[in-house]
Amino acid sequence: MVNLVLVLGDQLSEGLHALRQADKARDVVVMAEVGAEATYVPHHPKKIAFIFAAMRKFAAHLQAQGWRVAYTRLDDPENAGSLPGEVLRRAAEFGAGTVLATQPGEWRLIAALEGLPLAVTLLPDDRFLCAAPEFAAWAEGRKALRMEYFYREMRRKTGLLMAGDAPLGGQWNFDHDNRKPAKTDLFRVAPPALPPDPVLEEVLALVEARFGQNFGQLRPFQFATDRAGALRVLDHFITHALPDFGAYQDAMLADDPYLYHAVIGLYLNTGLLGPLEVCQRAEAAYHAGHAPLNSVEGFIRQIIGWREFVRGVYFLEGPDYPQRNALGHDRPLPGFYWGAPTRMNCLSHAIGQTRDLAYAHHIQRLMVTGNFALLAGVNPTAVHEWYLAVYADAFEWVEAPNTVGMSQFADGGVVGSKPYVSSGAYIDRMSDYCGGCHYKVKDKTGARACPFNLLYWHFLIRHRDRFAGNPRMAQMYRTFDKMDATRRETVLAEAADFLARLDAGDVV
Ligand code: FAD
Ligand code: DLZ
Ligand code: SF4
């Protein structure tokens, strides 16, 4: 009897588990562009176009390899509108009683597929280095989950940058070499822009018509949409940017959205690139003398460390994770996250770039947009839905632990041991944003005081009971307590006034 083999929009890998288990001569691959997936958050039009174009090209690739593929386009009149609906429709069409699928990266879809009135087999997604049971075994009995220790296990497991049992260079982590601010005259090469092709053009027209009103610029469209293009982007990164990746990893420049970042998250997360092949390419660049150890180690750590760690956390913590709100934050997401004006130059740049490119690098996400939302006490679920919508690389298994956990501390400390909060001084040190800002980063109080400076203290004081006992935060409380009483009152009163203006919808 024929099986359906479901391939989702982020499962575009030739070696996908469900494809390996299927019989090319008998089974039918099902792929579907559906309204439900395109609208569960208001995705950036570039993200939808990237996924649809990559899906269409992957379907054609499978067909060329001899697979029978039942592909549903968004505008197909028969389209059932959801993935479970499409599976049921195709099951009836082909007389299939069983469905083979690779486990989706989202609890919502796992539940939807398991609820189908068909025999559904969900196979583990083995495109990751650490399977969920392996992560659970590692986590078992630990008081706290810390990425650094997990990462060392992954180094040992993969043998990447190892000399026998020891890390190459005698250290596991070279982050202390990786905190340089960038100068505006640094020589940088942006990721390659790939020429549009007919498949992409057709998808762009569809997305423009159906999702053109969503937040985000569709054109010019700069992403690769197949494996060959993704490999080109990877090659370009290894050649031109990897050597400086480490040193400038945390830097931000107003006129350079990419700096030395790889811009490959979207290709890794949809399966156009594999994590191990990417790391092996970087490791080879180190052995060839092309890139220094601090850069290569830092890059590999993001992939076999952070990326695998957050996936482990997502599946360990369960379906309620994206709704957690340990700090009880309930402010609505300010309108400027969706494009309304703001006088804060750092936010205006990071969000403007997100609107144009569906991309911002890690420090912009963590220390600008995330930092502000946390300091201002924005509801973490609203923050989570924003990040899930606006970045081309955003899929819940990776986005939620980064947003709800690392950035908003809404999981109460599962991902991070302390909240990532900073005053304007950090942004000033790591970027060139402050020079062009309406606010003065050096002003701690007064009409032009940088809002991050005010809100930083407001956050710490309103959560004093929770954080004062944290050894990594005690110094911050001592600094506040040493200020004279009038200054303390002024800072908190001005922060409250700023938040009131934010709530009133004033341009802040
Ligand atoms: P580079 O800086 O060049 O790093 C290389 C690769 O390392 C990335 O492509 C990515 O696969 C991996 N990586 C780096 N940091 C992380 C991390 N913290 N977690 C997981 N993988 C990491 N990453 C996503 O892939 N999808 C998301 O939806 C996402 N949401 C985020 C939300 C917030 C609030 C924060 C703070 C971070 C988020 N990240 C997310 C992590 C990180 O910001 C992106 O992976 C990175 O910016 C992608 O750009 P790049 O490919 O140029 O990365
Ligand atoms: C994100 C996304 C979008 C926008 N559209 C589709 C789609 O039409 N069809 C599909 O199979 N997958 C899509 N995806 C990806 C799924 O939402 C993804 O599989 C889940 O987010 C799980 O990671
Ligand atoms: Fe951002 Fe404050 Fe700097 Fe303005 S002064 S860019 S608000 S950190």
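The values are calculated or read from the model by the stated rules, or taken from the named source; none is laboratory data. Model, not experiment: these values are computed from the prediction. Cβ coordinates were reconstructed from backbone atoms using ideal geometry, including for glycine residues, and neighbour counts include every protein chain displayed. Ligands, DNA and RNA are stripped out before the accessible areas are found, and what is left, the full protein with its side chains, is counted by its heavy atoms. Shrake-Rupley method; radii C 1.70, N 1.55, O 1.52, S 1.80 Å.
A few comments on the model shown:
- Filtered by the rule that a residue be of a type in the set (Ser, Thr, Tyr), under 25 Å from residue 457 (Cβ atoms) and without any contact (Cβ under 8 Å) to a residue 24 or more places away in the chain, region 339-394 gives a lone residue, 348.
- Among residues that are at pLDDT 95 or above and more than 24 Å from the chain's Cα centre (by Cα), residue 131 is not included.
- A residue that is more than 10 Å from ligand 3 (Cβ to nearest atom), under 17 Å from residue 466 (Cα atoms), in contact with a helix residue (DSSP H, G or I) (Cβ under 8 Å, 6 or more places away or on another chain) and outside any helix (DSSP H, G or I) occurs somewhere in region 400-409.
- Residue 443 being without any contact (Cβ under 8 Å) to a residue 12 or more places away in the chain, part of a loop (DSSP other than H, G, I, E, B) and under 27 Å from residue 216 (Cβ atoms): no
- Test: residue in region 202-215 that is modelled with pLDDT under 95, touching a Gly at 6+ places or on another chain (Cβ under 9 Å) and over 23 Å from residue 287 (Cα atoms): no
- Per-region count, region 316-338, residues in contact with a strand residue (DSSP E or B) (Cβ under 8 Å, 6 or more places away or on another chain) and open to solvent by less than 70 Å² (accessible area, probe 1.4 Å): 4
- The residues of region 234-293 that are within 16 Å of ligand 2 (Cβ to nearest atom) and open to solvent by 20 Å² or more (accessible area, probe 1.4 Å) amount to a single one, 265.
- The requirement of being open to solvent by less than 20 Å² (accessible area, probe 1.4 Å), at pLDDT 95 or above and within 16 Å of ligand 1 (Cβ to nearest atom) is fulfilled nowhere in region 73-82; no residue meets it.
- If you go through region 374-397 and keep only what is in a helix (DSSP H, G or I) and among the aromatic types (Phe, Trp, Tyr), you end up with 386, 387, 397.
- Odd one out for residue 481 among (1) open to solvent by 80 Å² or more (accessible area, probe 1.4 Å); (2) among the acidic types (Asp, Glu); (3) out of contact with any strand residue (DSSP E or B) (no Cβ under 8 Å at 6 or more places or on another chain): (1)
- Checking 60, 119, 92 one by one, the residue that is more than 10 Å from ligand 2 (Cβ to nearest atom), open to solvent by less than 60 Å² (accessible area, probe 1.4 Å) and over 29 Å from residue 200 (Cα atoms) is 119 and no other.
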